[in-house]
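Here's the structure, in structure tokens; my notes come after.
The values are calculated or read from the model by the stated rules, or taken from the named source; none is laboratory data. No experiment lies behind these values; they were computed from the predicted model shown. Ideal geometry is used to build each Cβ from the backbone, glycine not excepted, and the neighbour counts take in all protein chains shown.
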Amino acid sequence: MPSPPLLEVDDLQVRFPTPAGPIDAVSGVSFSVSPGETVAVVGESGSGKSVSALAVLGLLGAGRVAGGSVRFRGEELVGAAPDRLRRLRGADIAMIFQNPMSSLDPLFTVGDQVAEALREHRRTPRRTAKARAVELLREVGLPDPERRVRSYPHELSGGQQQRVMIAIGLACEPALLICDEPTTALDVTVEAQILDLLRRVQRDHGTALLFITHDMGVVSELADRVLVMYAGRVVEHGSVAEVLGAPGNPYTRALIDSIPTPATPRDVPMPAIAGSVPHASDMPSGCRFHPRCPRVHDRCATEPPLHDIGPGRASRCWLHAAGTAGSTVAGVRGVG
Amino acid sequence: MTLYVLRRLGYGAVVMLLVTVFVFVIMRLVPGDAVSLQLQDTGVSAAEADALRADFGLDAPVWTQLWLWLGDAARGDLGTSFYSGAPVTELFLERVPVTVQLGLLAMVIGALLGVAFGVVAALTRGSLVDGGVRLFAVAFLSVPNFVVALLLLTGLAIWFAWSPPIVYTGPGEDVTGWLQQIAIPVLALGTGGMAAIARMTRSSMLESLGSDYIRTVRAKGARQRTVVLKHALRNSTTAVLTLLGLELATVLGGTVILEQMFAIPGTGQLIYQAVLDRDYPVVVACTIFYAGLFVLTIIVLDLLYALVDPRIRTGKALS
């Protein structure tokens with residue numbers, strides 16, 4: 001990475017109180033995002049992807065950051081004053097969400113909601129903000145923005161709503177845009193349009209993207225680097241080409257194998273990963289993936305550290321441990 | 001929109017007609033009539049009483065009476081009181097403003113305080129303040145308004161040696177006297193609504209504050225004031241409006257008792273006395289007033305819904 005990172009998350013731990021005692025939704029997650037870069041975070045539901053992103057913005061709700069640090073342009077955000085975080089949100093780090101329908105306030109026009117993003121940060125006269133809202137809506141490809149600016153969210157389609165969300169995100173030209181599964185609720189053709197839009201935004205504004213998804217296809221299309229999360233931990237990270245081309249971790253491998261391709265035989269069951277992500281209150285001891293792992297062996301009873309397996313690349317698996325590394329990675333590749 | 005209002009007004013008229021017929025008939029089924037109550041222990045002969053009944057038109061069958069009354073009412077004549085002999089319309093119109101002032105003040109105060117307490121409770125969820133608001137809300141919901149009025153009256157008299165003036169003066173003549181007089185009834189009438197609205201505001205604010213769109217507003221970096229007062233509160237208003245409609249019924253019922261208790265010459269007192277006296281024309285007129293007020297309020301509330309929520313405005317609901 002040539003430029004200093006924009007966002008550095010180090011050993012992040014996020015804790016939620018529950019009636020049965022506190023649980024850690026995210027433990028020891030570290031990653032960084034450089035200016036203009038796209039970093040994808042993948043994993044199944046419940047792996048802690050969204051929680052990590054919300055922790056960056058200080059939007060955890062009931063949860064809290066129990067340890068680690070989040071630095072934005074070198075400034076520590078964990079424990080920062082609420083008003084400082086508020087000023088960063090929207091202005092320097094914006095976020096768009098999974099479900100655009102419920103993420104827009106139903107009682108206000110989309111123009112209001114875009115203009116609000118501006119007016120909460122800069123002293124902007126109402127008319128200027130409205131004009132800028134029209135401009136932003138045009139930029140995100142909403143048809144007929146002069147008229148649409150007066151539409152209410154329920155009058156727009158899902159794709160259009162997500163474009164509005166992106167317009168809100170871009171209002172103050174943030175350096176980092178966090179996208180939390182922005183296309184999951186949309187159909188495939190609309191998904192492609194939204195991804196195109198995000199790519200264009202990134203090219204035109206040099207915005208860095210932290211892209212949360214569970215779709216490996218989206219990762220390969222959009223991201224420079226990828227972070228694979230499982231049960232609140234990073235299990236593998238590296239460049240997209242390397243991680244997708246030759247996954248080091250059995251979990252990454254299994255995720256990639258569960259993507260159907262036209263060549264996938266129809267008469268055999270899909271290679272889905274058996275079982276589901278363990279709940280944070282009921283975490284298996286040792287490697288968190290071991291109950292579902294096809295390559296489980298004795299050493300998995302202890303939790304493996306992240307092994308460096310190349311430049312800027314690491315994987316959390318005993319198979320990379322000294323002596324066994326070369327053969328087992330190949331062996332993992334053979335699975336499926 | 002206009003069509004919708006007209007249709008609602010039409011339904012309202014039907015409801016009021018049914019209420020009228022119902023009350024008209026029920027009142028005549030209640031034992032004792034105006035004449036026997038008026039003339040009891042006066043030694044008037046049965047023949048004279050019958051003559052008086054014929055005079056009032058009470059000797060005819062109920063359905064004939066109803067038919068005649070409806071005919072008169074359609075011409076704007078609601079009859080005359082059996083007692084004072086004054087036209088019911090006149091009797092009634094001079095009392096309507098008193099009750100409307102009382103009820104409106106109670107509802108407005110209840111709504112404003114209720115929303116304020118609800119918002120504070122939602123924002124301080126789980127704290128002592130929240131607990132206090134919830135406790136008092138349950139207490140005020142459970143205690144009927146006339147008990148609240150009695151407690152206030154006794155409390156103020158014992159601890160501050162203060163009691164409201166007894167002779168009613170309108171706000172036009174003596175504002176301070178009027179305020180002193182209606183303070184307790186207004187508070188007593190308002191507390192029930194306040195408690196219900198506080199609880200409703202609290203729960204719908206909490207729901208709204210936990211919603212996706214509030215997360216978006218926060219992610220924009222909006223100030224807390226914008227988050228709470230603009231987005232969360234506005235999204236809670238529909239629930240509160242629904243409650244206001246229901247509250248009106250309680251408040252109107254409450255005026256009947258409280259006006260009697262505090263010697264406030266409003267329609268509540270009028271209907272109370274008229275029922276005791278079997279003064280049929282007055283009872284029926286008051287009932288129509290209460291039903292009409294209720295029907296109108298519900299229509300106004302429906303229109304307010306549409307004003308607050310664009311989804312109702314553009315949806316089929318108002319077509």
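Residue count for segment A:1-59 under the criterion of being of a type in the set (Asp, Glu) and over 18 Å from A:VAL70 (Cα atoms): the result is 1.
Pairs meeting the criteria (first residue in segment A:231-242 and under 16 Å from A:SER45 (Cβ atoms), second residue of a type in the set (Asp, Glu), beta carbons under 8 Å, at least 6 apart or on different chains) are A:GLY232/A:ASP24. Checking each residue in segment A:223-232 for being crowded, with 23+ Cβ neighbours inside 10 Å and either touching a strand residue (DSSP E or B) at 6+ places or on another chain (Cβ under 8 Å) or more than 22 Å from A:PRO260 (Cα to Cα) (or both) picks out A:ALA223, A:ARG225, A:VAL226, A:LEU227, A:VAL228, A:MET229, A:ALA231, A:GLY232.
Test B:VAL129 against the criterion of being assigned by TED's automatic domain parsing to the domain that holds B:ASN235 and surrounded by 15 or more Cβ atoms within 10 Å (Cβ to Cβ), and give yes or no. In short, no.
Within the set A:SER47, A:SER52, A:SER103, the sole residue that is within 18 Å of the chain's Cα centre (by Cα), modelled with pLDDT under 90 and either more than 9 Å from chain B (Cβ to nearest Cβ) or crowded, with 20+ Cβ neighbours inside 10 Å (or both) turns out to be A:SER47.
Of the conditions (1) within 9 Å of another protein chain (Cβ to nearest Cβ); (2) not in a helix (DSSP H, G or I), A:LEU177 clears all except one; give me its number. Here A:LEU177 meets the rest and fails (1).
Inspection of segment B:112-120 finds no residue satisfying the criterion of being assigned to a loop (DSSP other than H, G, I, E, B) and at pLDDT 80 or above.
Report yes if A:VAL149 is touching a Gly at 6+ places or on another chain (Cβ under 8 Å), crowded, with 19+ Cβ neighbours inside 10 Å, at pLDDT 90 or above and more than 9 Å from chain B (Cβ to nearest Cβ), otherwise no. Spelling it out, A:VAL149 is indeed touching a Gly at 6+ places or on another chain (Cβ under 8 Å), crowded, with 19+ Cβ neighbours inside 10 Å, at pLDDT 90 or above and more than 9 Å from chain B (Cβ to nearest Cβ).
Of all residues in segment B:281-291, none are more than 18 Å from the chain's Cα centre (by Cα), in contact (Cβ under 8 Å) with a residue 12 or more places away in the chain and within 23 Å of B:THR191 (Cβ to Cβ). Annotation note: of A:LEU6, A:LEU77, the sole residue that is within 14 Å of chain B (Cβ to nearest Cβ), crowded, with 16+ Cβ neighbours inside 10 Å and at pLDDT 90 or above is A:LEU77. The residue that is nearest to the other protein chains (Cβ to nearest Cβ), among those in segment A:130-144 that are in a loop (DSSP other than H, G, I, E, B) and buried (at least 23 other Cβ atoms within 10 Å of the Cβ), is A:VAL140. Candidates in segment B:263-280 are the residues that are under 14 Å from the mean Cα position of the chain (by Cα) and in contact (Cβ under 8 Å) with a residue 24 or more places away in the chain; of these, the one that is nearest to B:GLY76 (Cα to Cα) is B:THR267. The numbered conditions (1) over 21 Å from A:PRO35 (Cα atoms); (2) in contact with a strand residue (DSSP E or B) (Cβ under 8 Å, 6 or more places away or on another chain); (3) away from chain B (no Cβ under 14 Å) are all true for A:VAL201 except (1).
Residue-by-condition table, conditions (1) of a type in the set (Phe, Trp, Tyr); (2) surrounded by 15 or more Cβ atoms within 10 Å (Cβ to Cβ); (3) assigned to a loop (DSSP other than H, G, I, E, B); (4) in contact with a His (Cβ under 8 Å, 6 or more places away or on another chain):
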site: A:VAL234; (1), (2), (3), (4): no, yes, no, no
site: A:ARG253; (1), (2), (3), (4): no, yes, no, no
site: A:THR261; (1), (2), (3), (4): no, no, yes, no
site: A:ARG266; (1), (2), (3), (4): no, no, yes, no
site: A:PRO271; (1), (2), (3), (4): no, yes, yes, no
site: A:GLY286; (1), (2), (3), (4): no, yes, yes, no
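The single condition from (1) at pLDDT 85 or above; (2) within 13 Å of another protein chain (Cβ to nearest Cβ); (3) in a helix (DSSP H, G or I) that B:GLY221 fails is (3). Scanning segment A:162-175 for residues that are of a type outside the set (Lys, Arg) and surrounded by 24 or more Cβ atoms within 10 Å (Cβ to Cβ) turns up A:GLN162, A:VAL164, A:MET165, A:ILE166, A:ALA167, A:ILE168, A:GLY169, A:ALA171. For segment B:238-319, which helices (runs of 4 or more DSSP H) that fit wholly inside it have 2 or more residues that are under 19 Å from B:LEU6 (Cβ atoms) and not charged (D, E, K, R)? Helices (runs of 4 or more DSSP H) meeting the threshold: B:280-308. Helices (runs of 4 or more DSSP H) fully within segment A:69-129 that include at least 1 residues being without any contact (Cβ under 8 Å) to a residue 12 or more places away in the chain and closer than 23 Å to A:VAL14 by Cα: A:82-88. Within segment A:112-129, restricting attention to residues that are over 17 Å from A:ASP83 (Cα atoms) and hydrophobic (A, V, I, L, M, F, W, C), which residue is farthest from the other protein chains (Cβ to nearest Cβ)? Step by step, filter segment A:112-129, then rank; the result is A:ALA129. The residues listed here are B:THR216, B:THR191; of these, the one that is assigned to a helix (DSSP H, G or I) and within 14 Å of chain A (Cβ to nearest Cβ) is B:THR216. Taking segment B:237-262 as the range and being in contact (Cβ under 8 Å) with a residue 60 or more places away in the chain and among the polar types (S, T, N, Q) as the test, the residues that pass are B:THR237, B:THR238, B:THR250, B:THR255.
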